[in-house]
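See structure below.
The values are calculated or read from the model by the stated rules, or taken from the named source; none is laboratory data. Since we're looking at a predicted model, the values are computed, not measured. Methodologically, a virtual Cβ is constructed for each residue, glycine included, from the backbone with ideal geometry; neighbour enumeration extends over all protein chains shown. These accessible areas exclude ligands, DNA and RNA; they are computed on the full protein's heavy atoms, side chains included. Shrake-Rupley method; radii C 1.70, N 1.55, O 1.52, S 1.80 Å.
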Amino acid sequence: MGAAGTNTDEPAGERRQLINVAYRLLGSLAESEDAVQEAYARWYALPPDRRAEIVSPGAWLTTVIGRICLDVLGSARARRERYVGAWLPDPLPDHAEWPHGPGIDPADQMVLDESVTMAFLVVLESMTPAERVAFVLHDVFRYPFAEIAGVLGRTAAASKQLAASARRRVRDARPLVNESGQARQADTVRRVKEAWEAKDIVALVGLLDPAAVMTADGGGVVGTALHPVEGGAGIAHYMVAIAERAATLELLERSVNGAPGLVARHAGTVMSVASFEIADGRVTRLWVVRNPAKLRSWTGMVRQAQGRGPAGAAGGPSGAGVRRGRRHRCRTS
């Protein structure tokens, strides 16, 4: 492995990378944080002379985080089968809107690129745990299959086949990434917001693809549709019914997982966060997270953003854009 590692600060400096890997593997901020803490616990449990022998603590920690996440994904499948309604990944706010306070929150370290859009994370959920680990580590983070094999406990050739299988799932999920640019996406989301506020069913139907699907996650804690709502007309009527029941519901244009989205607030409390998949100026998929446990990272963010004006004026969808890390560009070919 070459010369032994001697920089005692290096392991702590890997936290950002580990959080980014774990979130893409698990889709949950809480589970990602737990996985990272476990990885560090294993590092510091090593005898000092063993740690000194490790050339790259970052590579060692990434291998460990991959194994931990692989185990979590295996058990998560059973847990999510018992989950009330649909399970969706945790939505992430834009960095510019994050309420900075004491300490560093994991979401504040997240690189927001195409590999954390809700559309992409939902596709990752359809993969087997081994496929997801192989694909994320190789196609997103560029780790060689020889190292991924050590994470999966398989050969490099088998790991390569798993990534190829995952890649086919990505290609079959069309459109995976919103086809239009950020400005056009933001314009479509803005028009959805205006039509929703006006309770204009006709306008909403025009903005929704006839085959659009809306999936909501309430976790059994708050009321929401337990099954996907299909069809633009059905979704439009559902949205208007919500608006009529909550007359004081306030809609804010905000960046969600690096893409234009909407945050619904009632009496100062964030009630839901919506992500969109848009093609040809129409919404094809709509994901709405209402589970309060998944909205903790948005508490305070909306208050801080209040008074900024349109989202694009300060860290919103039009202005923030998608942050891309050099090591985090997703490759699907």
- Query: What number goes with the only condition from (1) surrounded by 15 or more Cβ atoms within 10 Å (Cβ to Cβ); (2) within 21 Å of the chain's Cα centre (by Cα); (3) under 17 Å from R285 (Cα atoms) that G219 does not pass?
  - Reply: (3)
- Task: Kindly state which helices (runs of 4 or more DSSP H) lie completely within the range 123-226 and contain at least 2 residues that are more than 28 Å from A22 (Cα to Cα).
- Result: 182-197, 201-207
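Look at the range 33-76 and say how many of its residues are among the hydroxyl-bearing types (S, T, Y) and open to solvent by 40 Å² or more (accessible area, probe 1.4 Å).
The number of residues fulfilling the criteria is 3.
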- Within the range 82-90, is even one residue out of contact with any Lys or Arg (no Cβ under 6 Å at 6 or more places or on another chain), at pLDDT 95 or above and buried (at least 21 other Cβ atoms within 10 Å of the Cβ)? yes
- Message: Within the range 255-271, does at least one residue satisfy the condition of being farther than 11 Å from V189 by Cα, outside any strand (DSSP E or B) and modelled with pLDDT of 85 or more?
- Response: yes
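Residues are listed down the side, and each one gets a yes or a no for (1) among the hydrophobic types (A, V, I, L, M, F, W, C); (2) open to solvent by 80 Å² or more (accessible area, probe 1.4 Å); (3) modelled with pLDDT under 95:
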residue	(1), (2), (3)
A149	yes, no, no
R154	no, yes, no
A163	yes, no, no
G206	no, no, no
- Residue under evaluation A3, criteria (1) hydrophobic (A, V, I, L, M, F, W, C); (2) at pLDDT 95 or above; (3) farther than 19 Å from A134 by Cβ; (4) over 19 Å from the mean Cα position of the chain (by Cα), criterion not met: (2)
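Among V64, V36, which is the only one that is over 13 Å from the mean Cα position of the chain (by Cα), within 18 Å of H138 (Cα to Cα) and at pLDDT 95 or above?
When all the criteria are applied, what remains is V64.
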- Query: Of the residues that sit in the range 72-86 and are over 15 Å from L25 (Cα atoms) and touching a residue at least 12 places away in the same chain (Cβ under 8 Å), which one is nearest to the chain's Cα centre (by Cα)?
  - Reply: A86
